[in-house]
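The values are calculated or read from the model by the stated rules, or taken from the named source; none is laboratory data. Nothing here was measured: the structure is a model prediction, and the numbers come from that model. When we count neighbours, we look across all protein chains shown, and the Cβ atoms used for this are built from the backbone with ideal geometry, even at glycine.
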Amino acid sequence: MMKKKTNLRILIQLTALTVALGFALLGTSASGQSGNQNPNMVGAKSLRTESAVGSQIATVPMLQGTFQPINNGPGNQTNPHIDGNVVSYTNDDFQGSSTIHYRDLATGIDNVAPGNELDFLSDVSGSRIAFTQVEALGSESVVVFDTVSQTRTVIPRAHAQIPSISGDLVAFEDWGFVADQSEIAVYNLSSGALTRLTNDTSFDQRVDVSPTGNALVWEKCQTEGLGCDVYAALQTSPGVFTTTAISQSAGEDRQPHTNGDLVVYVSNKSGENDIYYRPLLGGAETHLSLPGDQRDPTISGDLIAFESQAQAGTEYDVFVYDISTGELFQVTNTPLSETLSEVDASDGIGHIVYAIPGAGDFDVYAFTFQVPSSTPNQINDLIALVQSFNLPEGTENSLITKLQDALAAIEASDTATACLSLTAFINASQAQSGKKLTADQVNQLINSATQIKTNLGC
């Protein structure tokens, strides 16, 4: 009975979750709620206060970058994930074969992970691809394939599926502990240690491991898919985890994802599906108050990617919210619904992968962009701070000119000159201590300029 159920679960997630999460398996949204209106306004609570900060945006700017097909061939290509330049995804040829592919964005080479052609629902971390493999006897296994050594590791648990991997840590849903119920388990590839993370009557599912492996987040639901809250586990030492509830609202809190510091998720507690995030170690919850319906949030660095529905009954497009600047960007603008998007941002380069309906099937695409810099906004804030001191005109102009020089250098991608201009600003500020500037004012200016230099890598 259990084997039959878990195979059915795999098929459901192959045809629904990995193809059209939100409008196939869960209706029009991540938690069964339909959206409305145009996603043209963003508001957020500060992490330090509970007050809402909202700004009306007449037109959401398009994020500049390049699109490329990862695989738009025959069959279904779905469930894309990305780490660095490597994208993994499921390829179903509609002929009874489902395989895991991985593509290097730098070389354009597409490969197939060795399996039994009943392989689904992958994740990628560095050179390792983790995926679900349906076995001939009717159970499921989690397999980890190392693309460098070309070796496979089968995690020693029957009825294990839907893995998330980071480094040596693999987390997954385990349906073998209790009949017809999912628990979260963790396997260490280096030590071979298996840890059962949850042990209760809830359905624990949709686990995500942070990039460093220091934290995991997942849904804990009263029944399968209903009464859901978000939980997290922090790894305090190898194989030792401390579990805490992240959200326990009256609504459905689902689809968690973490960058190791923050956890982002969807909740319908406002009456529609909105994006929320909060620190893993505790702190205020931040609500991205966007009109309409949002789903599939992922986070990398300061960037949150998600899909948003313009209005009820219309299609979903991909958006990106920059936590550091509070700016919202639109990525796609098509007559089709993009789904299952995931963002990865490192070394100043960002990638978003997603699935989109093709000619009777689904295809996987990638969008590559320069990670928006928060530095110009920070320098403009510092200019405003100087102006707020009501200094003599000559002193104010001298300080602001140096900051404007730094801005011009950043616009020209000349980081070295920007760093020199900021250093000159710091020196000029110090020279005015006890003269035109108070010691407290000098400290404010120097601290802000030093933080900007740190962000630039000076």
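Key figures for this structure:
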quantity	calculated
Any hit, the range 423-443, residues being modelled with pLDDT of 90 or more, within 28 Å of Y321 (Cβ to Cβ) and not assigned by TED's automatic domain parsing to the domain that holds G350	no
Residue within the range 142-155 that is in contact with a strand residue (DSSP E or B) (Cβ under 8 Å, 6 or more places away or on another chain), among the small types (G, A, S) and modelled with pLDDT of 95 or more present	no
Residue count, the range 194-231 (criterion: within 15 Å of D174 (Cα to Cα) and loosely packed, with under 12 Cβ neighbours inside 10 Å)	3
Members of the range 288-320 found to be buried (at least 24 other Cβ atoms within 10 Å of the Cβ) and not in a strand (DSSP E or B), listed by number	L290
Wholly enclosed strands (runs of 3 or more DSSP E) of the range 165-240 bearing at least 1 residues among the hydroxyl-bearing types (S, T, Y)	181-188, 194-196, 215-223, 226-237
Some residue of the range 369-377 being in a loop (DSSP other than H, G, I, E, B), modelled with pLDDT under 95, of a type in the set (S, T, Y) and closer than 24 Å to L105 by Cβ	yes
Residue match in the range 159-166 (condition: assigned by TED's automatic domain parsing to the domain that holds T212 and at pLDDT below 95)	yes
Verdict on I184 being at pLDDT 95 or above and at negative phi	yes
Residues that are among the aliphatic types (A, V, I, L, M), exposed (fewer than 11 other Cβ atoms within 10 Å of the Cβ) and under 18 Å from F203 (Cα atoms), drawn from the range 232-260	A250
